[in-house]
Structure formats: structure tokens, C-alpha cells
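Notes follow once the structure below has been shown.
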Protein chains: 2
Amino acid sequence: MPERAHDSSRREALRALLEADARPRLRRLVHSLSPREAALLLESLPPPRRALAWELVDEEDEGEILVELNDEVRAQIMAGMESAALVDAAEGLALDDLADLVAALPDDITERIIRSLDQEDRQLLRSVLTFPADSAGGLMVPETVSAHPEMTLEAVLASLRAHPELPEDLYCVYVVDRNQRYRGVLQVRDLLGGSPDATAGELMDAEPRAIHCDTPASDVILQFQNIDSSVAAVVDDDGRLIGQITADDVVDALRDQTDREILGSVGLDEDDDMFAPVAVSTGRRTLWLGLNLVTALLAAGVVAWFKPAVERVALLAVLLPVVASMGGIAGSQTLTLMVRGLSQGRVQNSNVRWLLYKELAVGLLNGMGWAVVVAVVAFGVFSNLGVALIAAAAIAINLLAAAASGVLVPLILRRIKIDPALAGGVVLTTITDVIGFAAFLGLASMLLL
Amino acid sequence: MPERAHDSSRREALRALLEADARPRLRRLVHSLSPREAALLLESLPPPRRALAWELVDEEDEGEILVELNDEVRAQIMAGMESAALVDAAEGLALDDLADLVAALPDDITERIIRSLDQEDRQLLRSVLTFPADSAGGLMVPETVSAHPEMTLEAVLASLRAHPELPEDLYCVYVVDRNQRYRGVLQVRDLLGGSPDATAGELMDAEPRAIHCDTPASDVILQFQNIDSSVAAVVDDDGRLIGQITADDVVDALRDQTDREILGSVGLDEDDDMFAPVAVSTGRRTLWLGLNLVTALLAAGVVAWFKPAVERVALLAVLLPVVASMGGIAGSQTLTLMVRGLSQGRVQNSNVRWLLYKELAVGLLNGMGWAVVVAVVAFGVFSNLGVALIAAAAIAINLLAAAASGVLVPLILRRIKIDPALAGGVVLTTITDVIGFAAFLGLASMLLL
């Protein structure tokens, strides 16, 4: 069926029905949702209704929905499930999903789930579980189909037909040598359209590079943009094929990474429940506010230092936030460009000096331009030429400092292993506040008192 | 070959070599890069070296690299190319890539490129060009392979073998009725492992929903998370199959969307050249700074209104930025949660009231908690109980206002068709600045003067 818009309206209808408690229709509707949609529904319900909605989920759907839920909501729902129900939910999950789920379960239930698997799956699951979830090994599905280079296409096809259970994510056949080492890919196009007598070695595409299992998720995302394919092989230290990553899992990984960066930049965690109890959320937010209070007090300390100037000329207090915020805004622009550039590999050692000079030049030009505007406005409104000129000078200084900080802060944070996407903003605005206040009030103290 | 890290080190080496001007080795190295890597290299070079590097690109690689470049860098490079070279570069590109490229070309060159295509490709290209680039129709590749439901698997396979040129992105065969209407999908697994006598209609997976061609890119990304597959059919108003979208294109679309949101939130455009000339970049940044100046002057106006209070008690100026910034930080947390929740469909009409109450409760608790801390610190340092208590009250008020604004600003912006991800931050901090200043200085004027 074509569908024009996102399914939000269906979830909306569901939520309305949940209030009216119309059970039988509800069960059918919940069952008609994809696992991801059902997970979004559960995540967007306040906790009491969430428990109610979970009861409407078909047992056979439970596992796939649990996999899609964010960590906190999943833990909450699993806490209310019997161990037997958890083992049942795990049944029939794809191995990479099962690995994610198992990581969140108590050891005794994990053991029961592993024992319920057949020999081969058990081994495959153990192999996935050895990798961190945010590495290529953790993202991959271990089931792949492979052929040797000397096999003819006919032999490859016959072996596929004889395969007891071809994996769901079959988008290509990998070509491996006798030692399981990855050699290339037989695309579906070649499998279906190639000459039956040609060998796998002749037909294969040797160009797609395999991804090493230890590659971090963020680099897997970048490499997928290079290979321009919907699937990539994952290999171990010896170059042996141990699994594959499909682009739809990369979409999920990229979404998680974006959530982490955007929420992390304001001190939040992407795995937190938006509908957590007030006390829990208050506790989570408070640390970030406390950190900000420390930096704000640092800036306030600068103002306190120059209090005599403010006592003499109260107008300084009026223009103080203007000077600071212009620096903050200009610095955030440079910082944001740098952070994106670093994460995409566009900013590197060899061009950083060029970028620094450029940003300083932009800061200088914009600083001078807006200094003139502020001077004119301030003089026009308050008729105090001295303060107007000092504000202008402080803005020019602050925009220059903002440019330098915008380039250097992310580089320094990265050097000391702190993610610039998370901490860059706090550090930068502290610097622009302090420098803005100090420049403005310092100049005023020297020139006006 | 396994590769442990992202290829940034190779690009780094290249950039170093470019400086040393070692042509022949360079050509080989540039040729060894994927189109995306070569595009990143070009984007990360300052313009003069960029022209030099472009000369090192093999003619056959030019088209694919142009497609990967950001709009501005691409325009710059194409401006230096002859029309004949542009037509050559377009040759052999996939039709969705060609459509992106053609959108950036002058009409006469587009016409020459279209004329160079064969009849079928010409028609397919025209069909892609009718859709906006950021819609399902613009993201799709028009080439698909399909079968009718009553065909046996044997017949389907025979028709594939007889196909003159199977498309590169062949990840499944679509099942369509006589009117080309989408019915379901034959997975590779079924094609390779199914019984030859079974019909396409029996073997097909009817569950995957097709995506309507007018669906905006942001919804395509959400729907891909629902279907959990590496490929999806695209249909027109009548449900007819007109193309397919692969997950690797969704990865690119998601990356572009993230860039747009993150850069847009500080007034930048993801298509701008990071290495644009200083004058160009200065001009681009200046509008955002001007907008910020207006909002900063608005906040300064509040301080000016209460200037008599500051004249009497200069200490107010010291704590002013603390009150404003606590509100700004708390508001940004709520705003960020809301914007992410809205874009992922987790926030909707039916739960907004609940969220508002919750955020107000969190704001109230955190406001009271940090108010006490600020009161104690301010009194401890400045020994002025009146100002300390007023600052505490203002912080409590501002955090409550911040919570309300964090929930309501994105909803209001959305209602008036402004992207909350882009404008939310500016509006929110203006509100928290104004309310913070007004509450603090207003209370001070009433109680201290």
C-alpha cells in the first residue's frame, strides 16, 4: 500500500484508543505496527499507560519490539516480565538483535536463552557477543553465504539451492579462499545473469573493501559512505569473513550516533526515557546545570572583579550581555563547523592552520563590522560615546577570541580524549563570556575611571 | 583488504604529497580513493590547491566525484570545466546520481547530456527529474526488476537471465500486477532457494510497504527504520512501481539531514564550502550575528529599563549573567528533547500536555534546588542577603519559564511552519534572557529601592 505520510497518525489514533480502553480492536492495531513503530508508541506513553500497552502486544512480537526500545524503557518493561516470557521473546530473533537483547539481561536468563539455541546458532551468538555493541563486530550479522573462487556459477547456485536455510539478509554471496579469507563479492546481478560456466573468481567484484571487526561504529558509518553499497563484509585479524553489515543497520547506528551527539551537547543521554519520573529526570538534568553554574560563576567573578567600574557607570551592565553573546554566537558557528569537519574527516592536521587563519580573518571582519553597528546603536540610544566605543572594541576582541577558540577548543578536547561534540559548547561559551566581560569591563576600568 | 581505521590517514598523506607536487604518484593515489573519499579530499583543500588536485583526477572518475561533492565546491569545480568535459563526466553515472548532477548544470549542457542517453534512460531520467531531490522520488533509482504474480520461479529466473542488462542495485525482484501496481517482494533468498514451480505470488513477501514518491526525505528515513530492510519500493499515486530506494542512499540522506540540522541551528548551511574565501564566509555568518544582536539588544533593553536598580546595587550586574544562563541551559535541555522527540514522532498532540507538566515539575525542582545553592554562594561571597535571595527567586522563576518555553517554543514554531531545529535555540535563549533579567532586576527594583 502506498502511504503518503509517516505513520504518526496511526500511533496517534492508538494512543487515543488506549485511553478509551477498547481492548480487542487495540490488540489488532498494535499487532499491525512494525516493531520500530510499536517501540516508539511505548516510548511515547507515560509509564502507567506503557504497562497497559505492553499487555496488548502479541507474545510473538515481544522480542522484536524489545530490541527496538531504548535501554531504559526496555529495562523497565523487562523488569515486569517472567523469565520464561523473556526466554520466549528471545526465540526467533536475528542473532545480532539477540546479542543486543542478551546484553541487557541477567546472566541466568542469558544462559537459558543460549541453551535454547541449536549448536550452530549458539556458536554464532557467542562470536557476536565477544564484540562491543558499537563496533563492526557488534553491528554485523554472523550469517553469510560464501563460495570459493574456483566454483562455477552453476555449482554456486546448486549449493545455494541445497542450503538448508538461507539467511534473511541475503544480498550477495561472498567469495572466500580455502582459509575463509575474504576475496570479493558475487552481486545478485551476477548470480542471476552470469554465465553458468563462469567461475566465482571471474564473476566476483574484488573492489569492495571488507570492514575489520574492531572498527568503531562511527568509522563503519564513514566507510559505508565510501563503498556505496547496501552490504559490506566483516573480517577478522586474518582477513577471514566472519559476518556482514547491512546498510539498514548503518541507518540505525547513524541515528543513534546523531541522538548521542545532539542530546549529549546539552548533557542528556539518548538512552534516557523521555517519560521517566520527575525525580529521575530532575536528577539527570541537575549535574549539567551545576556544571553550568560553575562556569557562570567564573564569568560572574570577572564582573565582580570590575565592580567599581559598574558602580560608576551602570550603562556597562546594560551592554555586558550584548558583548558576551555576540562572542558566544560567533564562536558557536566556528565550533560547529570544526566539530562536523572533524567527525567527517574534512578537518585534519594539514589544513588546520589554514582554517585557523581563515576563521581569524572572518572573526576580525565580522568583529569590526558589528563593532561599528553596536557603537552607533549604543551611542544613539545612550548618548555615551566612551561606553559605545569601549563596547565596540570589546566586541571586536571577543569575536577574534571566539574564532580562535572555535578552532582550537575542539582540537584540544580531542587531543585529551574528550568528545568535542559533547563538551565543546560549554567550554567555548565560558571562554567567550570571560573574555567578553574582561575586555569590556577591563577597558572601561582603564579608560573611564 | 581489512582496514582498521577510517581512511583519513591516506587522505592526510595525499594532502602532504600535494604540497610536494609529486604528480605521477599522486595520480595513482587519487585514483585509488573512492568517489566519496576523493570528494572529501577536494572539500578539505583550500581553493588554489583544490584546482590542482582536480587536475589529478582521472577523467573516468570525474562524474562520480562531482556527485559526492557539496553544492558549492561542485559549482566551483564545474565552473572551471569545459562543456564537453561535463558531458563526458555525466556519462555512465547511475540515473539518480545523474539527476542530482543535472540539477546543478546550465540548461544547454543538461540538454546535451540528455541527448547523449538512449531512449529508455532518457525517459527514466526525465521521470526522476520531475521529483524534488529531497523526496522519495528524488532519492530513488528508477531501474528495478519485476515479475508478475502468476509467473513460476523458473520463468522469473529465465526472464532475468534474458535481461539485457540487470541493474547494479539488484537486491530483490518486485512483484507487480498487470497494471504495474506493486504487490510484494521476491527476496534473493526466495529467488535462489525457492522451488522452481512455485509462483512469484506464492513466494513473495507481501508485507513490506512501498513508499509513495511524494514522501519527504525525512519521512523516508523514518519509514526505512520501520521496514527493516536494505531496499524499498517506490510507487506513484496509483500504487504503480516506479523505482526503489536502497538503504545506502538513506544513510546519505540521513547524514545530510543531520548536517542541515546541526549547522542550521547556528545559522550555517550544509552546502557551504568550509574553505570559501574569507569575504564570502564573513557575509554568510554576518546575518546570524545580526539576528543575535537584535535579540541581545532586546535583552539589554530590559536591563536598561531597570538601570536605576543597577546604579544603586552594582552587585546585581555580577549575578545577572548567572540568572540568565541557568535559564538558557535548562531551557536548551527541554528544547533539545522536544525537537528530537518531534522529529522521531515520539512527541505528539496526545502526550504534549503530560510532557509540559513533567518539564514544569522538573524545572520547579531544579529551580528550587539551584536557587538555594546560588543564594548560599552569593550570600557567602558578597554578604548581601537581599540580593542573594532575589537572585535565588529569579533563578527559580527563570527555570520554570525555561521549561515552559522549551516545550512550547518548538510546538509554536512548528505550527507556523518554521523548523524548530533551526530557530528554536535563538527564540528560547531570547526568552530566558529577557525573563531572567526582568525577574531579577524587577524583583530588585521592587524590594531594594
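For the reader, a short list of remarks on this structure follows.
- Within chain A, helix-based [θ] at 222 nm, where runs of 4 or more DSSP H residues each add -39,500 (n - 2.57), nearest 500: -22000 deg cm²/dmol
- Part-to-part distance (alpha-carbon centres) for region A:38-102 and region A:138-182, which is given in Å: 33 Å
- Shielding by other protein chains, B:42-54, mean Cβ within 10 Å: 2
- Computed from the C-alpha gyration tensor, the three semi-axes of the ellipsoid equivalent to region B:285-325 are 25, 12, 6 Å, from longest to shortest.
- Backbone amide hydrogens, once placed in the peptide plane, bring B:Asp205 within less than 5 Å of B:Val185, B:Leu186, B:Gln187, excluding anything fewer than 5 places away on its chain.
- Here the Karplus curve 6.51 cos²θ - 1.76 cosθ + 1.60, taken at θ = phi - 60°, turns the phi angles of region B:59-65 into couplings of 4, 5, 8, 4, x, 5, 6 Hz, with x standing for Gly and Pro.
- Rg in Å to one decimal, and Dmax rounded to a whole Å, for region B:86-229 via C-alpha atoms: 17.1, 52
- Derived scalar couplings between HN and Hα for region B:198-205 equal 5, 8, 4, x, 6, 7, 5, 9 Hz in order, rounded to whole Hz, by the Karplus curve 6.51 cos²θ - 1.76 cosθ + 1.60 (θ = phi - 60°), x for Gly and Pro.
- Spatially proximal aspartates and glutamates relative to B:Lys307 (Cα-Cα < 14 Å; intrachain offsets below 8 disregarded): A:Glu311
- Each residue of region A:354-361 was assigned a 3J(HN,Hα) from its phi angle through the Karplus expression (A = 6.51, B = -1.76, C = 1.60, θ = phi - 60°), giving 4, 5, 4, 4, 4, 5, 5, 5 Hz with x at Gly and Pro.
- Between A:Arg178 and B:Arg181, the simple spin-label model (points 7 angstrom out along Cα→Cβ) gives 5.7 nm.
- Largest accessible area first, the residues A:Lys417, B:Lys307 order themselves as A:Lys417, B:Lys307 under a 1.4 Å probe with ligands, DNA and RNA left out.
- Label-to-label distance, nm, for residues given as A:Leu52 and A:Ser218 (7 Å Cα→Cβ offset): 4.3 nm
- The C-alpha atoms of region B:158-287 occupy a region whose extents along the principal axes are 68, 28, 24 Å, arranged from largest to smallest.
- Chain A: angle of helix A:107-116 to the longest principal axis, Cα-based, in degrees nearest 10: 30 degrees
- Interface size B-A, as summed buried accessible area [1.4 Å probe, Å², nearest 100]: 12500 Å²
- In this Cβ point-charge picture (+1 for Lys and Arg, -1 for Asp and Glu), chain A has a dipole of about 3060 debye about its Cα centre.
- Built amide H within the under 5 Å cut-off of B:Val234, gap 5+: B:Ile211, B:Ile242, B:Gly243, B:Gln244, B:Ile245
- Alpha-carbon Debye profile of region A:8-134, log10 I(q)/I(0) at 0.17, 0.22, 0.23 Å⁻¹: -0.85, -1.26, -1.35
- Folded to 0 to 90 degrees: helix B:217-227 orientation relative to chain B principal axis, Cα: 70 degrees
- Extension gain (nm, one decimal) between A:Ala279 and A:Glu165, 0.36 nm per residue minus Cα-Cα: 36.1 nm
- Scaled against the 2.2 N^0.38 Å expected of a compact globular protein of N residues, the Cα radius of gyration of chain A reads 1.31.
- Calculated FRET efficiency, A:His148 to A:Ser195, Cβ-Cβ distance, R0 = 22 Å: about 0.80 to the nearest 0.05.
- Averaged over the residues of B:230-237, the number of partner chain Cβ atoms lying within 10 Å of the residue Cβ comes to 3.
- Derived value for region A:262-307: Kirkwood hydrodynamic radius 12.3 Å. Basis is the mean of 1/r over every pair of different alpha-carbon atoms.
- Ordered from highest to lowest accessible area with the whole protein assembly present and a 1.4 Å probe, B:Glu60, A:Glu359 read as B:Glu60, A:Glu359.
- Inter-chain Cβ neighbour average for residues B:331-339, partner chain, 10 Å: 4
- The distance separating the Cα centre of region B:243-322 from that of region A:427-449 comes to 21 Å.
- On Cα atoms only, tilt of A:247-264 relative to the major axis of chain A in degrees: 30 degrees
- Among B:Phe382, B:Leu191, B:Leu69 the positive-end extreme of the charge dipole of chain B (Cβ point charges): B:Phe382
- Percent accessible area from carbon and sulfur atoms, the protein assembly as shown, protein chains only, probe 1.4 Å: 56 percent
- Environment charge of B:Arg178, counting only residues whose C-beta is closer than 14 Å and scoring Lys/Arg +1, Asp/Glu -1: 0
- Probing with 1.4 Å while keeping every protein chain in the model, the per residue accessible area of region A:247-337 equals 32 Å².
- Rg/Rh for region A:278-448, where both radii come from Cα atoms and Rh is the Kirkwood radius: 1.03
- Pair B:Glu59, A:Asp134: separation of 7 Å Cα→Cβ label points (nm): 4.7 nm
- Here r is the Cβ-Cβ distance between A:Gln123 and A:Ile418 and R0 is 41 Å; the resulting FRET efficiency, rounded to 0.05, is 0.55.
- Mean projected area in nm² (Cα convex hull; one quarter of hull surface) for the protein assembly as shown: 39.5 nm²
- P(r) for region B:298-356, from all Cα pairs and a bin width of 10 Å, is 18, 32, 20, 20, 9, 0 %, short bins first.
- In this structure the amide hydrogen of A:Ala147, modeled in the peptide plane, comes within under 5 Å of the amide hydrogens of A:Tyr174, A:Val175, A:Val176, none closer than 5 places in sequence on its chain.
The values are calculated or read from the model by the stated rules, or taken from the named source; none is laboratory data. Everything quoted here is computed from the prediction, not taken from an experiment. For neighbour counting, all protein chains shown are included, and Cβ atoms are generated from backbone atoms with ideal geometry for every residue, glycine included. Protein only, heavy atoms only, side chains kept; ligands, DNA and RNA dropped before computing areas. Shrake-Rupley method; radii C 1.70, N 1.55, O 1.52, S 1.80 Å.
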